[in-house]
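Written out below as structure tokens is the structure these notes cover.
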Amino acid sequence: MQRILCASALLLILGCTRSETESRPMIDRDTLTRRQKDSIIATLPLPGAKGVGAALRSNDRAQERADRLDSLLGGGN
């Protein structure tokens, strides 16, 4: 009889708990892009944050250079 009561109590407890997916909000995605996160990190007083900012600026310059070359070569169709 005691086993039946313990099993019933266990089933009742398990039935009343919410699963991990139910406890999360409906929208489970990040609203910031990787670039936006890196940009925020570059402004923080953390070790290596200046390096992140320098990498972002370098990437911007390389992208601008690639865009200029594309426009010169007619690749901007």
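Quick note: the coordinates plus some simple rules give every number you see, no bench work behind them. Just so we're clear, the structure is a prediction, and the values are computed from it rather than from any experiment. In this analysis, Cβ positions are derived from the backbone assuming ideal geometry, glycine residues included, and neighbour counts consider all displayed protein chains.
Within a Cβ distance under 14 Å of LEU72, other residues only, what is the Lys/Arg minus Asp/Glu net charge? Provide the component values of the computation, followed by the final result.
Numbers: positive: ARG65, ARG68; negative: GLU64, ASP67, ASP70.
Spelling it out: positives minus negatives among the neighbours equals -1.
Most exposed first by the Cβ proxy, i.e. fewest other Cβ within 10 Å, how do THR31, THR43 rank?
Ascending Cβ contact count within 10 Å gives the list THR31, THR43.
Give me the net charge for the shell around ARG57: Cβ to Cβ below 15 angstrom, other residues only, Lys and Arg +1, Asp and Glu -1. Display every interim value, and only then the final one.
Values: positive: ARG35, LYS50, ARG61, ARG65; negative: ASP38, ASP60, GLU64.
My count for the surroundings of ARG57 gives +1.
Along the Cα→Cβ direction, 7 angstrom out, place labels at ALA55 and ASP70. What is the inter-label distance in nm?
With each label point 7 Å from Cα toward Cβ, the separation is 2.3 nm.
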